[in-house]
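One structure below.
The values are calculated or read from the model by the stated rules, or taken from the named source; none is laboratory data. Treat the numbers as computed from the prediction; the structure is a model and nothing was measured. Here the Cβ positions follow ideal geometry from the backbone for every residue, glycine too, while neighbour counts run over all protein chains shown. Accessible surface is based on the protein model in full, side chains and every heavy atom, while ligands, DNA and RNA are left aside. Shrake-Rupley method; radii C 1.70, N 1.55, O 1.52, S 1.80 Å.
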Protein chains: 2
Amino acid sequence: MKAQVAIVGAGMTQFGKLKGEMREIHAEAVRLTLEDTSISAKDIDAMYVGTWTPDLFLNQLFPAPMLADSLGLNNIPVSRVEDACATGSVAFRQAAMAVMSGLHRLVLVTGVEVMTQRPTRECVKTIAYASDRLWEQPFGITFPSSYALLASRHMHKYGTTPEQLAAVSVKNHRYSAKNPKAQYGEVTLEQVLSSKMVSWPLRLLDCCPISDGAAALVIARAEEAKKYTDTPVYVLGSGQARASLSLHDRPSLTSIPSTKQAAETAYRMAGVEAGDVDVAEVHDCFTIAEILAVEDLGFFKKGEGGKAVEEGSTEIGGKIPVNVSGGLLGKGHPIGATGVAQMVEIFEQLRGESGSRQVPGAEIGLTHNVGGTGGVVTVHIFSVKGG
Amino acid sequence: MKAQVAIVGAGMTQFGKLKGEMREIHAEAVRLTLEDTSISAKDIDAMYVGTWTPDLFLNQLFPAPMLADSLGLNNIPVSRVEDACATGSVAFRQAAMAVMSGLHRLVLVTGVEVMTQRPTRECVKTIAYASDRLWEQPFGITFPSSYALLASRHMHKYGTTPEQLAAVSVKNHRYSAKNPKAQYGEVTLEQVLSSKMVSWPLRLLDCCPISDGAAALVIARAEEAKKYTDTPVYVLGSGQARASLSLHDRPSLTSIPSTKQAAETAYRMAGVEAGDVDVAEVHDCFTIAEILAVEDLGFFKKGEGGKAVEEGSTEIGGKIPVNVSGGLLGKGHPIGATGVAQMVEIFEQLRGESGSRQVPGAEIGLTHNVGGTGGVVTVHIFSVKGG
């Protein structure tokens, strides 16, 4: 299918513990996004902001006009989108639809979260508000423990090992060491396996960190994209799906059904198959999440994701390089920014701009972004061809 | 212009202090929306939820999949949108664009807020998080005091009187007494003028209440709308605009520039003028807000809104009936629900279903929804003709 929209600019801040106000961090991502294009802030005709909970982290609701003020935008529509950890990519999807609708021509989408101003313990409690307040929160569940349930079931059913989980973390941290924007550098298998137990079988280095950061993209109509950049990245497919919010309502704990559904939609729209994907950024909030993702996206058979990672099939040179940005585990996970930052990585990979972590000859890229344990999942497929 | 999308079903709950969980209140609005149509929950192929801060009010983030669970929807895309008190109409606009984009055919949009479980004082503080955390919140500003600044400036510049402000409240409460879904019944001019001073010149009955409630709409492609209902209501125009978040950044305090901009966009898209509008629901969070709105929307000249209301020009039989639902003042203001509920009223008015508060022969309806003091404003224009 011929793409209707394209990304014409992309940028992100450093991820980690950052200094400065949310609006400053956000503006830096937009500055980096526009500087490589012929676009100025005054050309933008709508903005979508993906941010998860600036109210609980910063006492700031209604962030969209506040962030627009500090960019000097015109009096355009500005809107905030929230879908837990899928926030950024859902905002992207809205922005893409705004262009496809014909109402807008050049739309800015941003993702931002400032989390480290709160203590980690408080952040983990806040993050648990993305689980059901009636059926999950009262029993003390948090996201590490939700994903620990998924991991232990996967281990039971398919023989996945703690070493295979740890291999995800080692790989992603190895790549994050090559990404100057990433929060963390390398870790060894031994460091992962001896890190503090958080919720069995997930240890501290099986879990992504608390992070600050922002990322941004500009979307244009496909047929106008080359006005703004020599190398646009076309959006070939967009899928979004839901599953029950709570794990206890799911028929199985060894698969995220919304990942399968979103991938099916995106592959069909793009006219590609899992085997055509050259580089993927998947939602590795915990090591088990990457194993589930590479299976549910169709890169490997169900139950074989752990082995695939351990054998190097998800590294550069392997069958399908996954999270060569460092992923959420190594690069960091400022919640609202993550889905947008995944696309920044794919944008750069497909343009051959990723330096020492470049996947050679990558032509088709995929992003996979998960809210909660899969209550919402998006999958997007991109290519420099398709205009 | 021929409409691209239409509303094919609309419904809302009682507004007020409600019993029950957010998901129950929300599901009731959707049940009422679908029951008049040939649509079942399984036919819906995307859902947009407008809700302002379920996290601060209820410790529940990521509401979209939770609310979808209790409706028995398929595994479709579900997304939350937030833009302060404009949340509901911004969600509507996203839903409309999703249909216009071609990616979706039949989209549910809902608005919901459950506020009364928190004490009023805490709610007012929470609502102030929609002002700037750097430049407004530290100085103790709340929304009653922001709108009091607008009111006192309007009084100074145009001679608007406390009696004219009060006339807005009396009118809207008179209509809310005719609306079985409304939170409040009639009040007298004397009651308004002797109610407790909140922030000069705004008294308690110049201010909308804290409310619970939900509203919902289903949007279809215009050319398919009659498959679902005999009398669809077509969306002729949609405008959204922003202004600075903070009042101190505005050139004037006697006009909301984003209302003017959004109205201009919506009128142009619809091919109508202010004088063509037969019935309007405008954002009367405070009495002064309705006076500003009827001026900025072009119904009356700048400075003459107070006189117009006092003379009955905004009543049924007057030049332009405004807020015959009872408005936010009389009907209530469950924040995320409001923008959607305004459209429910216009949907029923244009179909001639509004009983004792029906505007005779209304053919063109307008909604106007404001976030904050105008950081975001939407204006939408509807008609039963246009398919």
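Assorted remarks:
- Helix B:22-34 axis versus longest C-alpha principal axis of chain B: approximately 70°, rounded to the nearest ten.
- As a length-normalised measure over Cα pairs under 8 Å and 6 or more apart, the relative contact order of the range A:230-387 settles at 38 percent.
- Under the combined filter of DSSP loop state and at most 13 neighbouring Cβ atoms within 10 Å, the range A:1-90 retains these trypsin sites (Lys or Arg not before Pro): A:LYS2, A:LYS19.
- Extending 7 Å from Cα along the Cβ direction at B:ASP276 and again at B:LYS319 yields two label points whose distance is 1.9 nm.
- FRET E, pair A:ASN74, B:LYS301, Förster distance 30 Å, beta-carbon r, rounded to 0.05: 0.70
- Whole-number D in µm² s⁻¹ for the range B:131-189, Kirkwood Cα-pair radius fed into Stokes-Einstein, 37 °C, 0.692 mPa s: 240 µm²/s
- Partner lysines whose Cα lies under 27 Å from the Cα of B:LYS17, excluding those fewer than 8 positions away in the same chain, are identified as B:LYS125, B:LYS171, B:LYS178, B:LYS181, B:LYS196, B:LYS331.
- Charge tally in the Cβ shell below 11 Å around B:ARG23, where Lys, Arg are +1 and Asp, Glu are -1, B:ARG23 excluded: -4
- Relative to the longest principal axis of the Cα atoms of chain B, the long axis of helix B:162-176 makes an angle of roughly 30 degrees.
- Relative contact order of chain A: 27 percent, from C-alpha pairs under 8 Å at least 6 residues apart in sequence.
- The sum of -39500 (n - 2.57) across all DSSP H runs of n ≥ 4, divided by the residue count of chain A, sets its helix-only mean residue ellipticity at 222 nm to -10500 deg cm²/dmol.
- Seen from all directions on average, the range B:69-127 presents a Cα convex hull projection of 5.1 nm².
- Between the C-alpha center of the range B:147-176 and that of the range A:72-112 there is a gap of 36 Å.
- With Cα atoms, 0 to 90° folded angle of helix B:143-158 axis to chain B main axis: 60 degrees
- Solvent-accessible area per residue for the range B:1-99 (1.4 angstrom probe, square angstrom): 26 Å²
- Per DSSP, loop GluC sites (Glu not before Pro) in the range A:184-237 with at most 15 further Cβ within 10 Å: A:GLU186
- Taking every alpha-carbon pair within the range B:29-87, the share separated by more than 17 Å comes to 44 percent.
- In the range A:227-251, the residues whose accessible area drops by at least 50 square angstrom when the other protein chains are added to the isolated chain are A:GLN240, A:ARG242, A:LEU245; the probe is 1.4 Å and only protein heavy atoms count.
- Annotation note: GluC sites (Glu not before Pro) in the range A:6-76 located in DSSP loop regions with a Cβ neighbour count of at most 10 within 10 Å are A:GLU35.
- Here the range B:1-140 has 52 percent of its accessible surface on carbon and sulfur atoms, given a 1.4 Å probe and all protein chains in place.
- Percent of Cα-Cα distances greater than 17 Å, calculated over the range A:239-338: 54 percent
- Take the accessible area of chain A alone and of chain B alone, subtract that of the pair, and you get about 5200 Å² summed over both chains, using a 1.4 Å probe.
- In straight-distance terms, cross-link reach from B:LYS226 covers every one of the lysines whose alpha-carbon lies under 24 Å from its own, apart from those fewer than eight places away in the same chain; here that gives B:LYS2, B:LYS42, B:LYS385.
- Nearby aspartates and glutamates by direct alpha-carbon distance to A:LYS19 (threshold 17 angstrom, same-chain neighbours under 8 apart not counted): A:GLU28, A:GLU113, A:ASP212
- For the range A:287-352, the carbon plus sulfur part of the accessible surface works out to 41%, probe radius 1.4 Å.
- With a simple spin-label model that places each label point 7 Å from the Cα along the Cα-to-Cβ direction, the separation between B:LYS2 and A:LEU204 comes to 6.5 nm.
- Mean separation of Cα contacts under 8 Å, 6 or more apart, over the residue count of the range B:1-154: relative contact order %: 24 percent
- For the range A:222-274 and the range B:211-225, distance of Cα centres in Å: 26 Å
- Shown is the FRET efficiency for B:THR120 and B:LYS226, computed with R0 = 60 Å from the Cβ-Cβ distance and rounded to the nearest 0.05: 0.85.
- By the Cα gyration tensor, chain B has an equivalent ellipsoid whose semi-axes, rounded to whole angstrom, run 30, 23, 19 from largest to smallest.
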